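Okay, so here's the structure we're looking at.
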Amino acid sequence: MAVATAAPRASSAVQRLLVLLMLCIVGASRAANVTYDHRAVVIDGVRRVLVSGSIHYPRSTPDMWPGLIQKAKDGGLDVIETYVFWDIHEPVQGQYDFEGRKDLVGFVKAVADAGLYVHLRIGPYVCAEWNYGGFPVWLHFVPGIKFRTDNEAFKAEMQRFTEKVVDTMKGAGLYASQGGPIILSQIENEYGNIDSAYGAAGKAYMRWAAGMAISLDTGVPWVMCQQSDAPDPIINTCNGFYCDQFTPSSNSKPKLWTENWSGWFLSFGGAVPYRPVEDLAFAVARFYQRGGTFQNYYMYHGGTNFGRSTGGPFIATSYDYDAPIDEYGMVRQPKWGHLRDVHKAIKLCEPALVAAEPSFISLGQNSEGHIYQAGSLCAAFLANMDAQSDRTVKFNGNTYKLPAWSVSILPDCKNVVLNTAQINSQVTSSAMKNLGSSIQPSDGSSIAPELDTAGWSYAIEPVGITKENALTKPGLMEQINTTADASDFLWYSTSITVKGNEPYLNGSQSNLLVNSLGHVLQVYINGKLAGSAKGSASSSLISLQTPVTLVPGKNKIDLLSTTVGLSNYGAFFDLVGAGVTGPVKLSGPNGALDLSSTDWTYQIGLRGEDLHLYNPSEASPEWVSDNAYPTNQPLIWYKTRFTAPAGDDPVAIDFTGMGKGEAWVNGQSIGRYWPTNLAPQSGCVNSCNYRGAYSSNKCLKKCGQPSQTLYHVPRSFLQSGSNDLVLFEQFGGDPSKVSFTTRQTGSICAHVSEMHPAQIDSWISPQQKVQRPGPALRLECPREGQVISNIKFASFGTPSGTCGSYNHGQCSSSQALAIVQKVCIGVSSCSVPVSSKNFGDPCTGVTKSLVVEAACS
Ligand code: GAL
């Protein structure tokens, strides 16, 4: 018996072993072993210098993903970083959705297809200017739950979703340990910034989160950002505008930078932030100079907050972020190009960077060098951290000129391949072309109607309670607890009976006070708008005081409270609340009437939302077709048809003329629009000085102007033939002013001085046996098949100005235009040496530069 049973066991064990062996052999060719040491992430035993960039999959569309990822690859990225957005994947507890823009597996595979790695930041709290920080709002209603602390209900939900994501990735074979692209994963997000508010329970939760993540056995390292006490083996990483001063918590961990903010996010009511590339490049170079080996641009492509996905309150629909790829998916120049050159320069240093520890040398006041030397390998970074003065420094017996706030990169410890403040890359001027209500197709054929001028239909959204299931209760209820964020809108309705002699009356007048946690409030008395107010990104609180006229008998008071994205950051952000929490009071010369505890009737959402008016494929008798549609009237739906602009240029709708609302194209929400919310008058700069430490309000533009007028309509939302556009207008506007625009590239320009290093692609070998060429100005048409058709401007000497408005300086060569025309016209790219040898010397002893503006067709 013993033999009889043992034999089959032995043979099946041998079989299993064989299968395992075969799996190993097949897998071994693809699976990667990802670990780390004190210098770097180590892939298959090799330390790597990695450049990463954030692209959030739901902020673009699946048809955009491959193009964005390819542009990231062409820009020199090795890794794409994304958060995982819990709320979109589990909109209802236990019901998962990974379709369309939510196709996380598809996105990770698209990155793999391009040959790049993925850093998957599961969170599942993500911040990210995303509604409720990425938490589904149902989570708030789980009995006994407390977010992001040592709370069993929360931990159970967090673990369940994290496991779901990890299992989904494992199921698709997406971890590097399985041959997939995921080399890193993140648990939580910047908890260390706020954990003290949660006391000892916060620390316990953090340790639990770390242990839970590790137990999921992904085969790749985990990180926690901004968490200096992240338990081993989790790597603590840095987020910020600069991270060169950061050191990880133990000397067995590498120095990683998970968020290098490439710009900043936009709020409704705020000015538009931008970050000069010279400063961003400086920050990047300083990080690698001082021992960093992985940095990630947050964002590399920011994209669009479609639907009601923006966090808040008051985060705008555009999440452009001044990123190297703009909201529409086009490279932003010279940001993208200069960073590509920076990445190439750093990659030239990689062999030395991973082989050696940096050694420091002082180069004088505010200047320092770091050298990585191992055997014949040598790379050096020379930095001038002074925000004002250029410096000339001596290094290894040579002299180097370091502009203020810049780093020079020397892949052979001798030749400067790049200086972060000297941009060799071209500038592309992009502009939104307004197509108005008609479009001239690019092939010159007949003019096609863009917007169906047959006009707009409309549907009036009634004031106050219209739904039968409305709830009546004494007192004022907090909004998020009441709506569960099913809609932005909550009606609060009550009525009072007036005799005429009440102490709160002055004749028929009274003063109404309404206090609200935000975010937007409209007050209707007897169906008429009596006042409105809004909070702001810095404080969402509203205290509205408005005179009201009351009539003898019954008076209706309807308050419409609106949220504009739920809070996403800070300790206890989930408990901030919104809506009218009181007091609500009428007052007059002889007294007041406090309505805070009276009976209020509540209606969640709009009638039009219930009727799905945003989805025109569902016919509704509500719509009125009449050329004399009402304008500048609050609470109204509009609908029209349009033909998509021809071609494949990115499309945006210009909502100038409208107030505030939400827009749907063929039933898909393109987000909230709010062109009447203006940036403050002051705080902007005409031209931003990149020298000196950057902060989110250092470089702002569009003061006094609408924060956002243009709203991206992804091409995949459009169809050939007729398209539907539906608007819900809350404040009042004139839809006849709505227009379509496409994003088009105008001129290409470049400005290169004699002092610039040569173009990076001319780097030959670390030994530099061959004489390196001098600086050159390079132009390349943005689209395949295009050639340079016109040189609009060329000047060698001391030209000034910006792309589109250059001027000759006091000194300029008379031959510049002819020389540039000869080299560049008729070709898709050209390179012109920037030297007096080429142009003649129009002014000896002066540093000269070449500027060119060209057109491609
Ligand atoms: C960080 C956060 C990100 C994002 C960023 C600002 O603190 O981790 O998710 O919110 O700030 O854009």
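The values are calculated or read from the model by the stated rules, or taken from the named source; none is laboratory data. The shown structure was predicted, so the numbers you read here are calculated from the model rather than taken from an experiment. Cβ coordinates were reconstructed from backbone atoms using ideal geometry, including for glycine residues, and neighbour counts include every protein chain displayed. Each accessible area value is taken on the protein alone, full model and side chains, heavy atoms only, with ligands, DNA and RNA left out. Shrake-Rupley method; radii C 1.70, N 1.55, O 1.52, S 1.80 Å.
Of all residues in region 211-220 being surrounded by fewer than 22 Cβ atoms within 10 Å (Cβ to Cβ) and either in contact (Cβ under 8 Å) with a residue 40 or more places away in the chain or within 16 Å of Asp195 (Cα to Cα) (or both), which is farthest from the ligand (Cβ to nearest atom)?
Within region 211-220, the subset surrounded by fewer than 22 Cβ atoms within 10 Å (Cβ to Cβ) is 211-212, 214-217, 219.
Checking the rest, the ones that are also either in contact (Cβ under 8 Å) with a residue 40 or more places away in the chain or within 16 Å of Asp195 (Cα to Cα) (or both) come to 212, 216, 219.
Values: Met212: 20, Leu216: 22, Gly219: 25 Å.
Filtering region 211-220 for residues that are surrounded by fewer than 22 Cβ atoms within 10 Å (Cβ to Cβ) and either in contact (Cβ under 8 Å) with a residue 40 or more places away in the chain or within 16 Å of Asp195 (Cα to Cα) (or both), the one farthest from the ligand (Cβ to nearest atom) comes out as Gly219.
How many residues are of a type outside the set (A, V, I, L, M, F, W, C), away from the ligand (no atom under 12 Å from the Cβ) and outside any helix (DSSP H, G or I) when one looks only at region 125-142?
Just the residues of region 125-142 that are of a type outside the set (A, V, I, L, M, F, W, C), to begin with: 125, 129, 131-134, 136, 140.
Subsequent filtering for residues that are away from the ligand (no atom under 12 Å from the Cβ) retains 131-132, 136, 140.
Of the ones still in play, those that are also outside any helix (DSSP H, G or I) are 136.
Residues meeting the conditions: 1.
Within region 332-341, is even one residue away from the ligand (no atom under 16 Å from the Cβ), closer than 27 Å to Arg783 by Cα and among the hydrophobic types (A, V, I, L, M, F, W, C)?
To start, the set of residues in region 332-341 that are away from the ligand (no atom under 16 Å from the Cβ) comprises 332-341.
Filter once more, so that each one left must be closer than 27 Å to Arg783 by Cα: 332-341.
If we keep only those that are among the hydrophobic types (A, V, I, L, M, F, W, C) as well, we get 336, 339.
Within region 332-341 (the criterion being away from the ligand (no atom under 16 Å from the Cβ), closer than 27 Å to Arg783 by Cα and among the hydrophobic types (A, V, I, L, M, F, W, C)), the answer is yes, since at least one residue qualifies.
What number of residues within region 550-580 are under 20 Å from Thr598 (Cα atoms) and not in a loop (DSSP other than H, G, I, E, B)? Reasoning before the result, please.
Going through region 550-580, the residues under 20 Å from Thr598 (Cα atoms) turn out to be 550-561, 578-580.
With not in a loop (DSSP other than H, G, I, E, B) added as a condition, the list becomes 553-561, 580.
Number satisfying all stated conditions: 10.
Any residue at all in region 346-369 that's under 30 Å from Ala271 (Cβ atoms) and either within 16 Å of the ligand (Cβ to nearest atom) or basic (Lys, Arg) (or both)?
Taking region 346-369 as the starting set, the residues that turn out to be under 30 Å from Ala271 (Cβ atoms) are none.
No; the residues of region 346-369 include none that is under 30 Å from Ala271 (Cβ atoms) and either within 16 Å of the ligand (Cβ to nearest atom) or basic (Lys, Arg) (or both).
For region 563-581, check the following and say yes or no: at least one residue is within 16 Å of the ligand (Cβ to nearest atom), more than 20 Å from Glu478 (Cβ to Cβ) and open to solvent by 10 Å² or more (accessible area, probe 1.4 Å).
Looking through region 563-581, none of the residues is within 16 Å of the ligand (Cβ to nearest atom), more than 20 Å from Glu478 (Cβ to Cβ) and open to solvent by 10 Å² or more (accessible area, probe 1.4 Å).
Answer with yes or no whether Lys433 is part of a strand (DSSP E or B) and farther than 26 Å from Leu850 by Cβ.
Numbers: part of a strand (DSSP E or B): yes; farther than 26 Å from Leu850 by Cβ: yes.
Considered against the rule, which asks whether it is part of a strand (DSSP E or B) and farther than 26 Å from Leu850 by Cβ, Lys433 comes out as yes.
Considering only strands (runs of 3 or more DSSP E) fully contained in region 319-391, which possess at least 2 residues that are open to solvent by less than 50 Å² (accessible area, probe 1.4 Å)? Walk me through it before giving the result.
Working: elements: 359-362, 367-374, 377-384.
In region 319-391, the matching strands (runs of 3 or more DSSP E) lie at 367-374, 377-384.
Go through region 695-708 and give me each residue that's assigned to a loop (DSSP other than H, G, I, E, B) and surrounded by fewer than 21 Cβ atoms within 10 Å (Cβ to Cβ).
Ser695, Ser696, Asn697, Lys698, Lys702, Cys703, Gly704, Gln705
Inspect all residues belonging to region 491-513 and state whether any of them is away from the ligand (no atom under 16 Å from the Cβ) and under 30 Å from Phe265 (Cβ atoms).
If we filter region 491-513 for residues that are away from the ligand (no atom under 16 Å from the Cβ), which is where we start, we get 491-513.
Within this subset, residues satisfying the condition of being under 30 Å from Phe265 (Cβ atoms) are none.
Scanning region 491-513, I find no residue that is away from the ligand (no atom under 16 Å from the Cβ) and under 30 Å from Phe265 (Cβ atoms), so the answer is no.
Suppose we filter region 233-254 for residues that are under 30 Å from His519 (Cβ atoms) and either out of contact with any helix residue (DSSP H, G or I) (no Cβ under 7 Å at 6 or more places or on another chain) or buried (at least 21 other Cβ atoms within 10 Å of the Cβ) (or both); how many remain?
Of all residues in region 233-254, those under 30 Å from His519 (Cβ atoms) come to 239-241.
Restricting the remaining residues to those that are either out of contact with any helix residue (DSSP H, G or I) (no Cβ under 7 Å at 6 or more places or on another chain) or buried (at least 21 other Cβ atoms within 10 Å of the Cβ) (or both) gives 239-240.
Qualifying residue count for the region: 2.
Only one of these is more than 30 Å from Pro58 (Cβ to Cβ) and not β-branched (Val, Ile, Thr): Arg715, Arg772. Name it. Give the derivation first.
Numbers: Arg715 fails: more than 30 Å from Pro58 (Cβ to Cβ).
Only one candidate passes the filter, namely Arg772.
Looking at region 304-314, is at least one residue in contact with a helix residue (DSSP H, G or I) (Cβ under 9 Å, 6 or more places away or on another chain), farther than 21 Å from Phe85 by Cβ and either more than 16 Å from the ligand (Cβ to nearest atom) or not acidic (Asp, Glu) (or both)?
no
Name the residue, out of Met432, Met385, that is modelled with pLDDT of 95 or more and aliphatic (A, V, I, L, M). Break it down stepwise before answering.
On the way: Met432 fails: modelled with pLDDT of 95 or more.
Testing whether each residue is modelled with pLDDT of 95 or more and aliphatic (A, V, I, L, M) leaves just Met385.
Of the residues Trp208, Trp264, Trp257, which single one is under 19 Å from the mean Cα position of the chain (by Cα) and open to solvent by 10 Å² or more (accessible area, probe 1.4 Å)?
Working: Trp208 fails: under 19 Å from the mean Cα position of the chain (by Cα); Trp257 fails: open to solvent by 10 Å² or more (accessible area, probe 1.4 Å).
Going through Trp208, Trp264, Trp257 in turn, just one is under 19 Å from the mean Cα position of the chain (by Cα) and open to solvent by 10 Å² or more (accessible area, probe 1.4 Å): Trp264.
Would you point out which residue out of Ile122, Ile194, Ile145, Ile187 is open to solvent by 10 Å² or more (accessible area, probe 1.4 Å), in contact (Cβ under 8 Å) with a residue 12 or more places away in the chain and within 16 Å of the ligand (Cβ to nearest atom)? Don't jump to the end; show me each part of the working.
Working: Ile122 fails: open to solvent by 10 Å² or more (accessible area, probe 1.4 Å); Ile145 fails: within 16 Å of the ligand (Cβ to nearest atom); Ile187 fails: open to solvent by 10 Å² or more (accessible area, probe 1.4 Å).
Sole residue among the options that is open to solvent by 10 Å² or more (accessible area, probe 1.4 Å), in contact (Cβ under 8 Å) with a residue 12 or more places away in the chain and within 16 Å of the ligand (Cβ to nearest atom): Ile194.
Which of the residues belonging to region 231-278 are of a type in the set (Val, Ile, Thr) and within 11 Å of the ligand (Cβ to nearest atom)? Steps first, answer last, please.
Step one: list which residues in region 231-278 are of a type in the set (Val, Ile, Thr), which gives 234-235, 237, 247, 258, 272, 277.
Residues satisfying the conditions are Thr237, Thr258.
Can you tell me which residues in region 718-756 are touching a strand residue (DSSP E or B) at 6+ places or on another chain (Cβ under 6 Å), at pLDDT 95 or above and open to solvent by 10 Å² or more (accessible area, probe 1.4 Å)?
Correct list: His751, Ser753.
Out of Asp150, Asp97, Asp103, I need the residue that is more than 16 Å from the ligand (Cβ to nearest atom), touching a His at 6+ places or on another chain (Cβ under 7 Å) and without any contact (Cβ under 8 Å) to a residue 60 or more places away in the chain. Which one?
So the residue among Asp150, Asp97, Asp103 that is more than 16 Å from the ligand (Cβ to nearest atom), touching a His at 6+ places or on another chain (Cβ under 7 Å) and without any contact (Cβ under 8 Å) to a residue 60 or more places away in the chain is Asp97.
What number of residues in region 477-516 are within 38 Å of the chain's Cα centre (by Cα) and either in a loop (DSSP other than H, G, I, E, B) or among the acidic types (Asp, Glu) (or both)?
Result for region 477-516: 7.
Considering region 55-92 alone, what residues qualify as being assigned to a helix (DSSP H, G or I), in contact (Cβ under 8 Å) with a residue 60 or more places away in the chain, open to solvent by 30 Å² or more (accessible area, probe 1.4 Å) and away from the ligand (no atom under 16 Å from the Cβ)?
Matches in region 55-92: Gly67, Lys71, Asp74.
Please indicate, with yes or no, whether at least one residue in region 260-275 is over 15 Å from Ala72 (Cβ atoms) and modelled with pLDDT under 95.
Residues of region 260-275 over 15 Å from Ala72 (Cβ atoms): 261, 263-275.
Still in the list and also modelled with pLDDT under 95: none.
Scanning region 260-275 turns up no residue that is over 15 Å from Ala72 (Cβ atoms) and modelled with pLDDT under 95.
Could you count how many residues in region 93-119 are open to solvent by 20 Å² or more (accessible area, probe 1.4 Å) and in a loop (DSSP other than H, G, I, E, B)?
Qualifying residue count for the region: 8.
Could we say that Gln295 is open to solvent by 10 Å² or more (accessible area, probe 1.4 Å) and away from the ligand (no atom under 12 Å from the Cβ) here?
On the way: open to solvent by 10 Å² or more (accessible area, probe 1.4 Å): no; away from the ligand (no atom under 12 Å from the Cβ): yes.
Spelling it out, it is not the case that Gln295 is open to solvent by 10 Å² or more (accessible area, probe 1.4 Å) and away from the ligand (no atom under 12 Å from the Cβ).
Could you tell me which residue of region 517-536 is surrounded by the fewest Cβ atoms within 10 Å (Cβ to Cβ), considering only residues that are within 39 Å of the chain's Cα centre (by Cα) and in a loop (DSSP other than H, G, I, E, B)?
First, the residues of region 517-536 that are within 39 Å of the chain's Cα centre (by Cα): 517-524, 529-536.
Add one more test, that the residue is in a loop (DSSP other than H, G, I, E, B), and what stays is 517-519, 535-536.
Values: Leu517: 20, Gly518: 27, His519: 27, Gly535: 22, Ser536: 18.
Among those residues, the one meeting the criterion is Ser536.
This table checks each residue for (1) loosely packed, with under 14 Cβ neighbours inside 10 Å; (2) within 38 Å of the chain's Cα centre (by Cα); (3) within 20 Å of Val427 (Cα to Cα).
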| position | (1), (2), (3) |
| --- | --- |
| Gly774 | no, yes, no |
| Arg778 | no, yes, yes |
| Gly785 | yes, yes, yes |
| Gln810 | yes, no, no |
| Gln815 | no, no, no |
| Ser836 | no, no, no |
| Val851 | no, yes, yes |
| Cys856 | no, yes, yes |
